[in-house]
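Enquirer: Just dropping this structure here.
The values are calculated or read from the model by the stated rules, or taken from the named source; none is laboratory data. Just so it is clear, the structure is predicted and the values come from calculations on it, not from any experiment. Every residue, glycine as well, gets a Cβ built from its backbone with ideal geometry; the counts of neighbours run over all protein chains shown.
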Amino acid sequence: MEKTNLERRVFHPPEEILRHANIKGEMYKEAQADRLGWWKKQAHELVTFFKPFEKVLDDSNPPFYRWFTGGTTNVSYNCVDRHYHSDKRNKAAICYENEMGKKVVMTYRELYVEVNKFANVLKSLGVGKGDRVCLYMPMIPEAAVAMLACTRIGAIHSVVFGGFSSHSLAERINDAQAKILITADGNFRKGTPFPLKENADAAMEAAPGIEKCIVVKNAENPINMHEGRDFWYHELMASAAKYYQPEEMEADAPLFILYTSGSTGKPKGVQHSTAGYLVQVQATLKYVFDLKETDVFWCTADIGWITGHSYVVYGPLALGMTTLMYDGTLDYPDKDRVWEMAERWGVTIFYTAPTAIRTFMKWGPEYPKRHDLSQLRLLGTVGEPINPEAWMWYYENIGGGRCPIMDTWWQTETGGFMVTPTPILPIKPGTATKPFPGIEVDVVDDDKQPAERGYLVVKSPWPSMLMTIWGDDQRYLDEYWSRFGDYYFTGDGAKKDSMGYIWVTGRVDDVLKVSGHRLGTAEIESSLVECEEVAEAAVIGKKDDIKGEVPVAFVTLKDGYKGSSELVAKLKKHVDVKVGPIARPSSIIFTSTLPKTRSGKIMRRLLRDITEGRTIGDATTLADPSAMEEIVAAYSGKAG
């Protein structure tokens, strides 16, 4: 039954990129021959240490590994000061635009001043080394300033995605025991103000540890300001001193906490370090996206997720690059908003999620065709495996058939890219290719033996790895190290092809067991989206008395196509051919939308609630909560 039908198309890098790429082929060999020596070299080249480190890796207490021990540094210094004191001081650091057309360009000189002033603001409110500061903010420059100011004074930040409910925010504040909350009066979604401060107020009622709340005036929303607790950002900044000496931080000092979902209901506070994290995010960005001085890098992720931390803020700014931040939806006021901005800002490298790409596919190629995207030279994807059909659409319609696609696999827990192409590698639609130099990733079976298909593991420590789960070392051991001992278990399934390339098949908890056979939902979804009628698909398992589980597919169609019994039969037959008859969906439900968060993640647990007849869970984080009504109605009609 194990029918994989791996993609055979291979695209070789353009000669121009090969000639000028930051990464050279020998780097893979160097890293393989001396992994720790390779990372030592990257640390020396990429990070300014105040005190040199004594040891690259301290592995005396596995799996609580520590990198670059003995050294001291400061992330804010690396992202701001060293560029301010160079010829980059007047270079654009952050380019910002919001949905309503507001634009800001902040140079490294201006960023330096803002970060120093806000560091003094935090210090004046009693924040010190090791204290936790929670951010609940839109994608605005002040969010990056706040993150960097925390690192400057040695505070640990916890950024909570602005789409989370007040309950979720309070839960994260309380777990981290944060004393300061930074938020905004609101932001805009499709021209309508979103009441961020109202949610923050409700959260603070359930989070008594918050002493002060700093509010950025962003949307001019009418809000309540709690006297003695709430302060306007601009008023505090007006009187703040313009310099704060960056704190000297131990290399393994905690940098931030970022909450991610776990196998239980309680979110996990993933804790990252200072120097190791900064080394890997810079190295991966420099070599994978081949950054040059003139590049404008646009990663569309929100700062509430790890991608926003690593590749909107810390990676680009530490490298002295120009990073673009956009606060808004992809289709406001029209479906060409992204491409209009890419043309106008001169974006050269574009990094987004497969979900967004499939949305662009659904809208059609006429929207990118309205704009000149010839300045693009590299594309990227992140967040989930990308199906070959979407990969090809992206390659041809956005990249013009000339831009290599960097399909990156990594996690909140890994901090930076782990399995990824680099611009000198041949690439294949749908695979993340090979481990990054200095990273040891493999596919193993239940007995920890190398396998063509099985579990994705990391065989040795890596610099940007999580240190632990905040306040819960035992959960850290149980979640990541209990299954394969000294191998970190990613929770993902994967397979290898004849070139040794790794294909991530999805979370093993998004795996179905049909008649004893394991099937990755991502693999079934990918086969459905290969059909010309299909824009997007989400597959979940439904309990079955005979087979244990059967696949159920929720499918959105491209404009111009309608659901029918004939199309259901066609799609089921296609899955038969591409994956195998056992993977055939028992039902196919056509719907115009899928339940997605504002970051684009499909909430499959809500679909499971529908198929199992349960009360639908919390839908407050959805971009469009009303979508659930249509999906329930469609499932009730059992279209397929």
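Enquirer: In the range 25-57, what count of residues is obtained for those that are of a type in the set (Asp, Glu) and assigned to a helix (DSSP H, G or I)?
Expert: Of the residues in that region, 3 qualify.
Enquirer: Still on this model: For the range 574-618: of the residues being within 22 Å of residue 163 (Cα to Cα) and of a type in the set (A, V, I, L, M), which is farthest from the chain's Cα centre (by Cα)?
Expert: Across the range 574-618, the extreme among qualifying residues is 616.
Enquirer: Taking the range 177-199, which residues are part of a helix (DSSP H, G or I) and farther than 21 Å from residue 145 by Cα?
Expert: Answer for the range 177-199, where residues must be part of a helix (DSSP H, G or I) and farther than 21 Å from residue 145 by Cα: 198, 199.
Enquirer: When the residues of the range 392-422 are filtered to those that are over 18 Å from residue 354 (Cα atoms) and among the hydroxyl-bearing types (Ser, Thr, Tyr), which remaining residue is surrounded by the fewest Cβ atoms within 10 Å (Cβ to Cβ)?
Expert: Among residues in the range 392-422 that are over 18 Å from residue 354 (Cα atoms) and among the hydroxyl-bearing types (Ser, Thr, Tyr), the one surrounded by the fewest Cβ atoms within 10 Å (Cβ to Cβ) is 414.
Enquirer: Picking from 185, 230, which residue would you name as being within 27 Å of residue 128 (Cβ to Cβ) and of a type in the set (D, E, K, R)? Let's see the steps before the verdict.
Expert: Values: 185 fails: within 27 Å of residue 128 (Cβ to Cβ).
The conditions single out 230.
Enquirer: Something else: Out of the residues in the range 224-277 meeting the condition of being over 24 Å from residue 53 (Cα atoms) and of a type in the set (S, T, N, Q), tell me which one is nearest to the chain's Cα centre (by Cα).
Expert: 260
Enquirer: Restricting attention to the range 477-490, and to residues there that are in contact (Cβ under 8 Å) with a residue 24 or more places away in the chain and not in a loop (DSSP other than H, G, I, E, B), which single residue is nearest to the chain's Cα centre (by Cα)?
Expert: Step by step, filter the range 477-490, then rank; the result is 490.
Enquirer: Tell me whether the range 144-153 contains one or more residues that are of a type outside the set (Lys, Arg), over 27 Å from residue 77 (Cβ atoms) and surrounded by 23 or more Cβ atoms within 10 Å (Cβ to Cβ).
Expert: No, the range 144-153 has no match at all.
Enquirer: Step by step: first the residues of the range 522-552, then only those that are more than 23 Å from the chain's Cα centre (by Cα) and among the small types (Gly, Ala, Ser), then the one that is farthest from residue 506 (Cα to Cα). Which residue is that?
Expert: Among residues in the range 522-552 that are more than 23 Å from the chain's Cα centre (by Cα) and among the small types (Gly, Ala, Ser), the one farthest from residue 506 (Cα to Cα) is 548.
Enquirer: Oh, and also: Give me a count of the residues in the range 91-109 that are assigned to a loop (DSSP other than H, G, I, E, B) and closer than 22 Å to residue 243 by Cβ. Working first, answer last.
Expert: The initial filter retains those residues of the range 91-109 that are assigned to a loop (DSSP other than H, G, I, E, B), namely 91, 99-102.
From what is left, the residues that are closer than 22 Å to residue 243 by Cβ are 91.
Total meeting the criteria: 1.
Enquirer: Something else now. Could you check residue 397 against (1) of a type outside the set (Lys, Arg); (2) in contact (Cβ under 8 Å) with a residue 60 or more places away in the chain; (3) not assigned by TED's automatic domain parsing to the domain that holds residue 42 and say which number it fails?
Expert: Condition not satisfied by residue 397: (2).
Enquirer: Restricting to the range 365-391, and then to whatever is under 23 Å from residue 9 (Cβ atoms), out of contact with any strand residue (DSSP E or B) (no Cβ under 8 Å at 6 or more places or on another chain) and modelled with pLDDT of 90 or more, can you tell me which residue is surrounded by the most Cβ atoms within 10 Å (Cβ to Cβ)? Steps first, answer last, please.
Expert: Filtering the range 365-391 for residues under 23 Å from residue 9 (Cβ atoms) gives 365, 368, 373, 376-391.
If we keep only those that are out of contact with any strand residue (DSSP E or B) (no Cβ under 8 Å at 6 or more places or on another chain) too, we end up with 365, 368, 373, 383, 387-390.
Now narrow it down to the ones that are modelled with pLDDT of 90 or more: 365, 368, 373, 388-390.
Numbers: 365: 12, 368: 21, 373: 18, 388: 18, 389: 22, 390: 25.
Restricting to residues being under 23 Å from residue 9 (Cβ atoms), out of contact with any strand residue (DSSP E or B) (no Cβ under 8 Å at 6 or more places or on another chain) and modelled with pLDDT of 90 or more, the top hit is 390.
Enquirer: Next question, about the same structure. Only one of these is assigned by TED's automatic domain parsing to the domain that holds residue 312, more than 25 Å from the chain's Cα centre (by Cα) and under 16 Å from residue 94 (Cβ atoms): 145, 113, 127. Name it. Before the answer, list the steps.
Expert: On the way: 145 fails: more than 25 Å from the chain's Cα centre (by Cα); 127 fails: under 16 Å from residue 94 (Cβ atoms).
Selected residue: 113, the only one of 145, 113, 127 that is assigned by TED's automatic domain parsing to the domain that holds residue 312, more than 25 Å from the chain's Cα centre (by Cα) and under 16 Å from residue 94 (Cβ atoms).
Enquirer: Please determine, by comparing only the residues of the range 557-594 that are in a helix (DSSP H, G or I) and hydrophobic (A, V, I, L, M, F, W, C), which one is farthest from residue 634 (Cα to Cα).
Expert: Going residue by residue through the range 557-594, those that are in a helix (DSSP H, G or I) are 565-578, 581-583.
Those still in the list that are hydrophobic (A, V, I, L, M, F, W, C) too: 567-569, 571, 575, 577, 582-583.
Working: 567: 16, 568: 14, 569: 18, 571: 18, 575: 21, 577: 27, 582: 24, 583: 22 Å.
Selected residue: 577.
Enquirer: Please give the strands (runs of 3 or more DSSP E) falling wholly within the range 200-318 in which 1 or more residues are touching a strand residue (DSSP E or B) at 6+ places or on another chain (Cβ under 6 Å), not aliphatic (A, V, I, L, M) and not assigned by TED's automatic domain parsing to the domain that holds residue 117.
Expert: The strands (runs of 3 or more DSSP E) meeting that bar number zero.
Enquirer: Still on this structure, please answer the following. In the list 394, 326, which residue meets the criterion of being closer than 17 Å to residue 529 by Cα and in contact with a strand residue (DSSP E or B) (Cβ under 8 Å, 6 or more places away or on another chain)? Spell out the reasoning first.
Expert: Working: 326 fails: closer than 17 Å to residue 529 by Cα.
Answer to the selection: 394.
Enquirer: Since residue 551 meets every condition but one in (1) out of contact with any Pro (no Cβ under 7 Å at 6 or more places or on another chain); (2) of a type outside the set (Val, Ile, Thr); (3) part of a strand (DSSP E or B), which condition does it not meet?
Expert: Every condition holds for residue 551 apart from (1).
Enquirer: Anything in the range 592-612 that is touching a helix residue (DSSP H, G or I) at 6+ places or on another chain (Cβ under 6 Å) and surrounded by 21 or more Cβ atoms within 10 Å (Cβ to Cβ)? List them, or say none.
Expert: 595, 600, 610
Enquirer: Something else about it: Starting from residues that are more than 20 Å from the chain's Cα centre (by Cα) and among the charged types (D, E, K, R), keep the ones in the range 327-355 and report whichever is surrounded by the fewest Cβ atoms within 10 Å (Cβ to Cβ).
Expert: Step by step, filter the range 327-355, then rank; the result is 334.
Enquirer: Here's something else I'd like to know. Conditions: (1) buried (at least 16 other Cβ atoms within 10 Å of the Cβ); (2) at pLDDT 95 or above. Residue 7 meets all but one. Number of the miss?
Expert: Looking at each condition in turn, residue 7 falls short on (2).
Enquirer: Given the structure, is residue 55 surrounded by 13 or more Cβ atoms within 10 Å (Cβ to Cβ), more than 26 Å from residue 291 (Cα to Cα) and without any contact (Cβ under 8 Å) to a residue 60 or more places away in the chain?
Expert: yes
Enquirer: Look at residue 64 and say whether it is at pLDDT 95 or above and on the phi > 0 side of the Ramachandran plot.
Expert: Working: at pLDDT 95 or above: yes; on the phi > 0 side of the Ramachandran plot: no.
For residue 64, the condition - at pLDDT 95 or above and on the phi > 0 side of the Ramachandran plot - is not met.
Enquirer: Could you run through the range 278-300 and say how many residues are closer than 18 Å to residue 253 by Cβ and either among the hydroxyl-bearing types (Ser, Thr, Tyr) or under 15 Å from the mean Cα position of the chain (by Cα) (or both)?
Expert: Of the residues in the range 278-300, 1 are closer than 18 Å to residue 253 by Cβ and either among the hydroxyl-bearing types (Ser, Thr, Tyr) or under 15 Å from the mean Cα position of the chain (by Cα) (or both).
Enquirer: Okay, next question. Kindly indicate whether any position in the range 226-233 is touching a residue at least 40 places away in the same chain (Cβ under 8 Å), over 25 Å from residue 186 (Cβ atoms), crowded, with 17+ Cβ neighbours inside 10 Å and not charged (D, E, K, R).
Expert: no
Enquirer: Could you figure out which of (1) out of contact with any His (no Cβ under 8 Å at 6 or more places or on another chain); (2) farther than 18 Å from residue 327 by Cβ; (3) surrounded by fewer than 21 Cβ atoms within 10 Å (Cβ to Cβ) isn't true of residue 221?
Expert: Residue 221 satisfies all of (1) out of contact with any His (no Cβ under 8 Å at 6 or more places or on another chain); (2) farther than 18 Å from residue 327 by Cβ; (3) surrounded by fewer than 21 Cβ atoms within 10 Å (Cβ to Cβ) except (2).
Enquirer: Among the residues of the range 58-73, write down those that are surrounded by fewer than 19 Cβ atoms within 10 Å (Cβ to Cβ), of a type in the set (S, T, N, Q) and either assigned to a strand (DSSP E or B) or touching an Asp or Glu at 6+ places or on another chain (Cβ under 6 Å) (or both).
Expert: 69, 72 - these are the residues of the range 58-73 that are surrounded by fewer than 19 Cβ atoms within 10 Å (Cβ to Cβ), of a type in the set (S, T, N, Q) and either assigned to a strand (DSSP E or B) or touching an Asp or Glu at 6+ places or on another chain (Cβ under 6 Å) (or both).
Enquirer: Got at least one residue in the range 301-321 being on the phi < 0 side of the Ramachandran plot, over 19 Å from the mean Cα position of the chain (by Cα), modelled with pLDDT of 95 or more and among the small types (Gly, Ala, Ser)?
Expert: Scanning the range 301-321 turns up no residue that is on the phi < 0 side of the Ramachandran plot, over 19 Å from the mean Cα position of the chain (by Cα), modelled with pLDDT of 95 or more and among the small types (Gly, Ala, Ser).
Enquirer: Given the conditions (1) surrounded by fewer than 24 Cβ atoms within 10 Å (Cβ to Cβ); (2) touching a Cys at 6+ places or on another chain (Cβ under 6 Å); (3) under 30 Å from residue 198 (Cβ atoms), and given that residue 133 satisfies all but one, which numbered condition is not satisfied?
Expert: Of (1) surrounded by fewer than 24 Cβ atoms within 10 Å (Cβ to Cβ); (2) touching a Cys at 6+ places or on another chain (Cβ under 6 Å); (3) under 30 Å from residue 198 (Cβ atoms), only one is false for residue 133: (1).
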